[in-house]
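The values are calculated or read from the model by the stated rules, or taken from the named source; none is laboratory data. Fair warning: this is a prediction, and the values are worked out from it, not measured in the lab. Please note: Cβ atoms are built from the backbone with ideal geometry, for glycine as well, and neighbour counts cover all protein chains shown. The protein model used for the area step is the full one, side chains on, heavy atoms only, and it has no ligands, DNA or RNA in it. Shrake-Rupley method; radii C 1.70, N 1.55, O 1.52, S 1.80 Å.
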Amino acid sequence: MSAAGDEARRRRTQEVADLVGDGDWTSAEPQPHRGQSDDPPAFPPFERTDSRRVYDSPWCGLRQDFIRLPNGHEQDYHVFEVTNAVAVLPVLEDGSFLMVWQYRYPSGRSHWEIPAGRIHGGEDPALAAARELREEAGCEAREMVRLPGFFPTNGISAHYAHAFLALGCRQVGDLQLDAAERLVLRRFERAEVERRLYAGVFADGFTALTLFYALAHLDR
């Protein structure tokens with residue numbers, strides 16, 4: 001890589017590190033568990049006997065924990081670490097939805113998705129959702145409704161997504177994208193989104209689950 005490329009990568013790494021920061025992450029924590037009266041008692045957590053850092057970067061981390069099982073045996077457990085995120089469904093005044101056709105490098109695929117992204121250090125999830133709405137859809141919302149959140153990769157990470165429904169959206173400007181973001185914005189009638197959702201067209205988990213929660217809210 002050229003010196004200019006190295007410098008650009010260094011700047012981008014520092015920008016991400018500044019956004020993640022060491023600030024207060026209390027507001028970005030998962031919502032309280034909504035247990036039901038007939039749920040079994042929660043299992044006690046495993047005892048962690050040791051832990052070591054495997055990898056760290058401004059974007060993510062990986063740690064190797066060593067846990068003691070109820071039978072007394074010990075084993076390791078790898079945990080992926082990434083800051084919590086938001087996902088937001090934009091609904092225009094006429095009831096239609098906005099979605100983005102977005103390229104995802106890890107899968108090498110383009111998907112229909114809703115605006116989503118990571119929460120910055122010290123940022124309230126609702127404000128993060130409003131920021132993503134402005135950046136990826138060029139919109140501001142009349143009302144931001146909090147939906148149930150979720151753990152998208154619960155078996156390997158405590159990463160948590162806060163979901164929102166943005167009502168009364170209006171276009172206020174151009175998209176504000178990072179250099180590596182490739183997306184196209186499109187308006188859909190609700191019926192078409194529902195058809196694609198129930199047909200299994202939306203492969204992005206953030207999008208599909210938020211849509212289910214949003215449609216349930218709109219039908220109340």
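The DSSP beta bridges internal to the chain are antiparallel in roughly 85% of cases.
Keeping every protein chain present and rolling a 1.4 Å probe, give me the accessible area per residue for region 45-201 in Å².
Averaged over the residues of region 45-201, the accessible area is 53 Å².
With helices as the sole contributors, the chain gives -8000 deg cm²/dmol at 222 nm; each DSSP H run of n ≥ 4 counts as -39500 (n - 2.57), and the sum is divided by every residue. Summing +1 for each Lys or Arg and -1 for each Asp or Glu among the other residues whose beta-carbon sits under 9 angstrom from that of residue 204 gives 0.
Taking only protein heavy atoms and a 1.4 Å probe, the accessible area of region 107-220 is 50% carbon and sulfur. Computed on protein heavy atoms with a 1.4 Å probe, the accessible areas place 78, 33, 159 in the order 33, 78, 159, largest first. Summing Lys and Arg as +1 and Asp and Glu as -1 over all other residues whose Cβ lies under 13 Å from the Cβ of residue 129 gives a net charge of -3.
With the Cα gyration tensor of region 178-220 in hand, give its eigenvalues times 5 under a square root as the equivalent ellipsoid semi-axes, listed largest first in whole angstrom.
The answer is 22, 12, 11 Å, longest axis first.
Build a GNM of the chain with springs between Cα atoms under 10 Å apart, and of 38, 65, 94 the one that fluctuates most is 38.
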